[in-house]
Amino acid sequence: MSLLKESMEKCVMLNQGIVDDGYGGFVNEVTEGAYFEAAIALDNSTEARIAEKQGVTALYTITTSKALNLQYHNLFKRLSDGKIFRVTSDGDDVYTPASSTLDMRCVSAEEYELPRSVRNG
């Protein structure tokens, strides 16, 4: 087993939508979607630490299989602790070539908190 496979954690996509609230209005709702595995690594470079001191949320590098192409602002939750992440880059550019034996795609993400007005479905 490779180190990459060992570092993979179970995660679930979070789907956002607007639904009828039953009282003539609408509410934002987040529901769980597809499950996947990802290696989630905190970026603790000097630049990232300086940015955190200036109010930027913690930054992470997310590594998944090439089959999963996370897109800008996708939300997902790590199942082990319930922490929610929002993707801050596209997975279109950073992946291993077809000739490689590694099956990797990387995106950057930040910790994210759902607004209080969002209902969990």
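The values are calculated or read from the model by the stated rules, or taken from the named source; none is laboratory data. Note that this is a predicted model, so its numbers are computed, not measured. Note that each Cβ is placed from the backbone with ideal geometry, even for glycine, and that neighbours are counted across all protein chains shown. All accessible areas refer to the heavy atoms of the entire protein, side chains included, with ligands and DNA or RNA removed. Shrake-Rupley method; radii C 1.70, N 1.55, O 1.52, S 1.80 Å.
Excluding residues on the same chain fewer than 8 positions from Lys66, give the lysines whose Cα lies under 27 Å from its Cα.
Leaving aside lysines fewer than 8 places away in the same chain, those within reach of Lys66 are Lys5, Lys10, Lys77, Lys83.
Determine the per residue accessible area of the chain with all protein chains present and a 1.4 angstrom probe, expressed in square angstrom.
65 Å²
Looking at the chain from every direction and averaging, what is the projected area of its Cα convex hull in nm²?
9.3 nm²
Report the local net charge at Asp103: Lys and Arg +1, Asp and Glu -1, summed over other residues whose C-beta lies under 11 Å from its C-beta.
+3
Work out, step by step, the length gained on full extension between Ser100 and Thr61: first 0.36 nm times the residue separation, then minus their alpha carbon distance; give nm to one decimal.
Here the answer is 12.0 nm.
What chymotrypsin sites (Phe, Trp or Tyr not before Pro) in segment 1-102 are in a loop by DSSP, with at most 16 other Cβ atoms within 10 Å of the Cβ?
Tyr23, Tyr72
Taking Cα centroids, how far is segment 64-114 from segment 3-20 in Å?
So the two Cα centres are separated by 9 Å.
For segment 1-62, what is the charge dipole size about the Cα centre, in debye to the nearest 20, if Lys and Arg each add +1 at the Cβ and Asp and Glu each add -1 at the Cβ?
280 debye
Using the crude model of +1 on Lys and Arg Cβ and -1 on Asp and Glu Cβ, and no other charge, please compute the dipole size for the chain relative to its Cα centre, in debye to 20.
160 debye
Could you pull the Rg and Dmax for segment 1-47, using just the Cα atoms, both in Å?
So, for segment 1-47, Rg and Dmax equal 17.7, 54 Å respectively.
Quickly estimate the mean residue ellipticity at 222 nm for the chain, helices only: each DSSP H run with n ≥ 4 gives -39500 (n - 2.57), and the total goes over all residues, rounded to 500.
Calculated at 222 nm, the ellipticity per residue is -2000 deg cm²/dmol.
May I ask which residue of Pro115, Ile40, Phe85 lies farthest towards the positive end of the charge dipole of the chain, with charges of +1 (Lys, Arg) and -1 (Asp, Glu) on Cβ and the Cα centre as origin?
Comparing the listed Cα positions along the dipole, Ile40 ranks first.
Restricting to the chain, compute how many DSSP beta bridges are antiparallel as a %, nearest 5.
The antiparallel fraction comes to roughly 90 percent.
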